[in-house]
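The values are calculated or read from the model by the stated rules, or taken from the named source; none is laboratory data. All figures in this text were calculated on a predicted structure; none of them were measured in a lab. Methodologically, a virtual Cβ is constructed for each residue, glycine included, from the backbone with ideal geometry; neighbour enumeration extends over all protein chains shown.
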Amino acid sequence: MHLCHQPVITTVKPADELLGTFPELGWHSDYPYHPGVFPDDHFPEDPAFGVQFNFCIDDFRADNAGTQFVPGSHALCRRPPPEFNEGGTRMGEGVHKDVQQFQVPAGSALIYDSRTWHRACYELNVSGHDRKAILNAVTPNWVLPMMDKTDMRDRYHGSEMPSLLTDRERQDVERLCNRATQPTPEGMPLLSERKKSGPIRKTGN
C-alpha cells in the first residue's frame, strides 16, 4: 500500500457570493477511478483499488459544507453519470434524491471506497467560518501514483525532517511516500505504466 498523492489540506471558505446558488459540476470518484486509468474504463467489483481517508480538522456539519456523497454508489462500479453534474445539486430531489452530507465531529477520520460519488459543496457553507480537512488516499503499491512524488521525496530526504522522526515514523514515510511502484501482480489490471501529461486534478472534499 502507498499514498497515491501527498497529504493535502483543503479549506472550504464561507459561501458568500455562492449563497443560494446551485453550482454545476463537482461530482466525481477519486483516484484511481479517473478517466483513462483502468483499461476500457471498467471498474472491477473486487477488490477495491483505492481508499480515501480524510482527517476532519473542523466539524463536518450541514451548515459548513460537510462533503456531499451518495451512499452505496461505490457498488455501482462506475463514475457519476453526466446528469449528476448538470443543473446544480439539490439534495433530496431528482437525480440527487439520495445525496447526503458527511456530518462528524472534529478529529474524526472519514474512510471510504474511492469509487464513492462525492462532491465539495462550497455553496452550503453558511456557518461564517472555514471548514478544513486533511485529504489522504491510498492504493496498492503496484498502482501508479496519481502524481509524481519524486521532487517531494528528494526535498524530504534533503531536509532535517527525517532526523526529527522516530524509526517507525521514518519507515512509514518510506513505505507510503517514497518507494518505487511495484510490479503488477498476476491477474490484476495494468495500472502502473500509463503515460500522463501531469497530475490529475481533484475537485476537493
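Quick notes on this structure:
- Look at (1) buried (at least 19 other Cβ atoms within 10 Å of the Cβ); (2) assigned to a loop (DSSP other than H, G, I, E, B); (3) modelled with pLDDT of 95 or more and you find that Ser127 fails only one, number (1).
- When segment 145-197 is filtered for residues that are surrounded by 12 or more Cβ atoms within 10 Å (Cβ to Cβ) and of a type in the set (Gly, Ala, Ser), only Ser192 remains.
- Scanning segment 79-88 for residues that are over 16 Å from the mean Cα position of the chain (by Cα), within 21 Å of Gly50 (Cβ to Cβ) and part of a loop (DSSP other than H, G, I, E, B) returns a single hit, Pro81.
- Extreme residue, farthest from Leu190 (Cα to Cα), among residues of segment 29-59 that are of a type in the set (Gly, Ala, Ser) and surrounded by 16 or more Cβ atoms within 10 Å (Cβ to Cβ): Ser29
- Total residues in segment 1-28 satisfying the condition of being in a loop (DSSP other than H, G, I, E, B) and either touching a helix residue (DSSP H, G or I) at 6+ places or on another chain (Cβ under 8 Å) or surrounded by fewer than 16 Cβ atoms within 10 Å (Cβ to Cβ) (or both): the figure is 14.
- Verdict on Asn136 being in contact (Cβ under 8 Å) with a residue 40 or more places away in the chain and within 15 Å of Phe22 (Cα to Cα): no
- Of the residues making up segment 31-58, those that are within 18 Å of Leu176 (Cα to Cα), assigned to a loop (DSSP other than H, G, I, E, B) and not hydrophobic (A, V, I, L, M, F, W, C) are Tyr31, Pro32, Gly50.
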